[in-house]
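The values are calculated or read from the model by the stated rules, or taken from the named source; none is laboratory data. Since the structure is predicted, the reported quantities are computational estimates derived from the model, not experimental observations. Glycine also receives a Cβ, built like all others from the backbone with ideal geometry; neighbour counts cover every protein chain displayed.
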Amino acid sequence: MPAESELLVANSGATRRLVLNRPAKRNALNDALLHRLVAELETARAEESVRTIVLGGAGHGFCSGRDRRDVGGADSPRVQMQDGSLEATVSLFTRVLTLLLESPIPTIASVRGFALAGGQALTLACDFLVAERGSRFGNPEMQHGFPAAMNTVLLARHIGRRKALEIALTGAAYTVEEYSLLGLINRVAEPGTLEDVTAGFAAQLNKLAPWSVRRTKQLLRVAEDGDLRGLMHAGDQLNQLLRLNAQSAPLFADQAP
């Protein structure tokens, strides 16, 4: 992709890399960038050769959140509400988060510098997070009286109620070490090694059988929303399917790395 593109797209083996490329704007998410993200995420999910998606940021930071010029707009809030423009720009961001959350392909957020507000929401919507030591996370919009709606929902999905509420309400900045203790970070990279650590983690995931990865992610989504009895039934069905195929040809023979 040309360097001036707001979203850089590249392949590294079975990994599709998507890089937010607005470093002068701290990689703030404008509507144009979000439209590109939607399109590229949908494309990556549909390609059998892609086994992991890595989302990163150009320059010294991952993402500072939504671009206020798009969210605010030139018109008054009343006009924006009536003509649908406010709903459209907010729904666009929600669409990106939903695509990440529901992706059958593992998604990895690769963060250096900062992931704030909507940027933090992106990391929480991804399956995994690799962060460079020294990075900061948080939803500072709360300190300006603006509830961190998406961050609140996604934090509650990852960690217990009390800590999720503290992070969402205070808007304080958190370090890599603090987020690691909360279980929000999968790999910590020393300064200058983020790309290598991310690539190594993605390579580990790329070796897994895609069928198993998809089914495991589906079952985990059910586990997050369903009751225990239903979950045990779903797990039993999956085990029966695996046993049924155990006596036939290797289930994943055509999917070996």
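Within the stretch 198-221, if we keep just the residues that are of a type in the set (Ser, Thr, Tyr) and under 19 Å from the mean Cα position of the chain (by Cα), the residue that is farthest from residue 105 (Cα to Cα) turns out to be 198. Restricting attention to the stretch 43-85, the residues that are among the hydrophobic types (A, V, I, L, M, F, W, C), surrounded by 12 or more Cβ atoms within 10 Å (Cβ to Cβ) and at pLDDT 75 or above add up to 8.
Just one of the listed residues (228, 242, 219, 184) is surrounded by 13 or more Cβ atoms within 10 Å (Cβ to Cβ), at pLDDT below 95 and more than 19 Å from residue 15 (Cα to Cα), namely 219.
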